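Colleague: If you scroll down you'll find the structure; I have some questions about it.
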Amino acid sequence: MAEKFLSVGDVARRSGLPVSTLHFYERKGLIASERNAANHRVYRREILRRVSVIKVAQSAGVSLAEIAEALSSLPPGAAPDTDDWARISEVWFDDLTRRINLLTALRDKMGKCIGCGCLSVKTCPLYNENDHLAEEGSGPRLL
Ligand code: FES
């Protein structure tokens, strides 16, 4: 029968993460430990699934703050079940799609600049892209 609690070393070995990263996650409120009778820090087995979710999210570029927010909807220390994961991953999927679209648009604009170097305020799509004050005339507009 599997043990109910794991030491930080066990979690590190099973998750492939350094102990320091697990402590960092704990300081950020992403995971939680308990103290055993010997006053050693221990984690419930469910922590492994929770750490897996954190690793997947980080690999997709989700910030720790966003991960913490998503996990805060769960009971402390609980691992996301199938329904939780579906709900959380849908939000992250939409955000990833939004970021991909933004980066694709930026890449396309940069493609127009390759080999140019003009950095023209009027024609370069990357430089001073949102210069709405230019419509008011040339020179400084906020002085
Ligand atoms: S550098 Fe010339 S168009 Fe961007």
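The values are calculated or read from the model by the stated rules, or taken from the named source; none is laboratory data. Note that the structure is a prediction, hence the values are computed from the model and not measured. Here the Cβ is made from the backbone with ideal geometry for all residues, glycine too, and neighbour counts use every protein chain on show.
Colleague: Taking into account only those residues within region 14-43 that are surrounded by 14 or more Cβ atoms within 10 Å (Cβ to Cβ) and part of a strand (DSSP E or B), which is nearest to the chain's Cα centre (by Cα)?
Modeller: Once the filter is applied, the top-ranked residue is Y43.
Colleague: For a quick check of your reading of the model, give me the residue pairs whose first member lies in region 93-121 and is within 20 Å of V56 (Cα to Cα) and in contact (Cβ under 8 Å) with a residue 24 or more places away in the chain, whose second is in a helix (DSSP H, G or I) and of a type in the set (A, V, I, L, M, F, W, C), with beta-carbon atoms closer than 9 Å and at least 6 apart or on different chains.
Modeller: none
Colleague: Still on this structure: Would you be able to say whether some residue in region 100-117 is within 30 Å of V11 (Cβ to Cβ), among the charged types (D, E, K, R) and surrounded by 10 or more Cβ atoms within 10 Å (Cβ to Cβ)?
Modeller: Restricting attention to region 100-117, the residues satisfying the condition of being within 30 Å of V11 (Cβ to Cβ) are none.
No, the conditions are met nowhere in region 100-117.
Colleague: Out of the residues in region 63-93 that are surrounded by 14 or more Cβ atoms within 10 Å (Cβ to Cβ) and not in a helix (DSSP H, G or I), which is modelled with the lowest pLDDT?
Modeller: G77
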